Every structure is written in structure tokens, then in C-alpha cells.
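The values are calculated or read from the model by the stated rules, or taken from the named source; none is laboratory data. On a predicted model such as this, the values are computed, not experimentally measured, just so you know. No Cβ is skipped: glycine too gets one built from the backbone with ideal geometry, and neighbour counts run over all protein chains shown.
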Amino acid sequence: MGDDRILLREFLRAPTRVATITASSDALVAAMIAPLPIGDESVVVELGAGTGRVTDAVQRRLGGRGRHVAIEINAVLAERLAARHPAVTVVCADAAELPAVLQAQGIHRADAISSLLPWVAYGSAPIPAIVAAALAPTGTFTQASLLLTHLLPPARRQERDIRAVFGDVSVSPAVWRNLPPARVLAARSPAPLSL
């Protein structure tokens, strides 16, 4: 079964946990990983890995080096992702469990964290603070945000919460070649927090 069909099926089963019915486009994936400091020994974490479009791109960039952890709350998507990417540590968990996931993997800090999490995840846990505490001081966090809804209160709260715990936040130009169009928030200089 193709990625889009699986996403649609899983979205219909749990729309608040699977936030989209289409896989991210190549253009959005490129915008998501371009700001990330991915090098030979990098630790890269994905939140809301879904069908693995970002996973594919991160694996190409790592080229067999570094460490890659993908967190996906949906068991069907996590199992499929693990089968497709045996070199990636795929964990079926809530993004709010990031500190425990990293600790279980013997990881103290991540160099890059990429997120396709929906607003509901931000409403149920302090995701920006959790991410800031998990990032190395020179790390970068990217979060996709739907362009057509970025002025709605949940999207504004999401961006405000990110800005509250990161010293440097930039917003990409619109990624029109995505359905729906999106933009990417890139956050650096995490506040020195601990959870």
C-alpha cells in the first residue's frame, strides 16, 4: 500500500494524531532539513516521522554516519518506517517522551531536531521546551507549519512558544509545492533549560 493511502487510512482512524492525509513534498522536505547542522557525527531526531519522507532525506545526508532517531506515535507508521529504514532507531512514542527516548538510547543532546508534529501535540505538552532541553547549544530545530492556517490561534501559539525558548527563530518563504502549502520555522540558540 502506498504512503498516501496509508496516511489517509491512519488519518481517518485518528485525525488528531495523524495530522495530514498527504506525505510531505520534496520541496517541504528540502526546506525542513536545509537549516539542520547534519555532519559526520550528528545526532538527528525526527518528531512525527510519519511515512518517512524526512527520514529518507536525513539518511541520504548522513550517508551511514551519525545517529538518527525517529519518533512516531502511530504504531502502523512506526512499524512501516522501521522496516524501510533498519539503520534508523524508530521509536513508537509520543514526542513528549523525547527526554526518556534519548536517555534510553544513551544520547545526551541532539544536534538537529525536525518536527512535523500537529498543533495538538503542542497543546498537550511543552514541545518547544522539551526540544530546547534536548538540543545541543549549537543545535537547530525545524517545525513545519501550514501556510493557510498560520494566522489561526493554535499556529500563533505554536510560534510564540517556540520563540519563547529559542534566541533565534527564522521563517522560510512559503513552500508552495506542498499540499497544503507550508513554511518552516528554524529555531536556534535554545535557552538553557532542563526537564
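Of note:
- Filtering the stretch 106-130 to residues that are closer than 22 Å to Thr51 by Cβ and outside any strand (DSSP E or B) leaves Leu116, Leu117, Pro118, Trp119, Val120, Ala121, Tyr122, Ile127.
- Matching residues in the stretch 135-184 - criterion: being of a type in the set (Val, Ile, Thr) and either touching a Ser or Thr at 6+ places or on another chain (Cβ under 6 Å) or part of a loop (DSSP other than H, G, I, E, B) (or both): Thr142, Val184
- Scope the stretch 72-89; condition touching an Asp or Glu at 6+ places or on another chain (Cβ under 7 Å), surrounded by 18 or more Cβ atoms within 10 Å (Cβ to Cβ) and among the aliphatic types (A, V, I, L, M); matching residues: Ile73, Leu77, Ala78, Leu81
- The single residue among Ala125, Ala95, Ala132 that is surrounded by 15 or more Cβ atoms within 10 Å (Cβ to Cβ), at pLDDT below 95 and not hydroxyl-bearing (Ser, Thr, Tyr) turns out to be Ala125.
- Among the residues making up the stretch 52-67, those that are in contact with a helix residue (DSSP H, G or I) (Cβ under 6 Å, 6 or more places away or on another chain) and of a type outside the set (Val, Ile, Thr) are Gly52, Arg53, Ala57.
- Among (1) touching a residue at least 40 places away in the same chain (Cβ under 8 Å); (2) under 16 Å from the mean Cα position of the chain (by Cα); (3) crowded, with 18+ Cβ neighbours inside 10 Å - the single one Val175 does not satisfy: (2)
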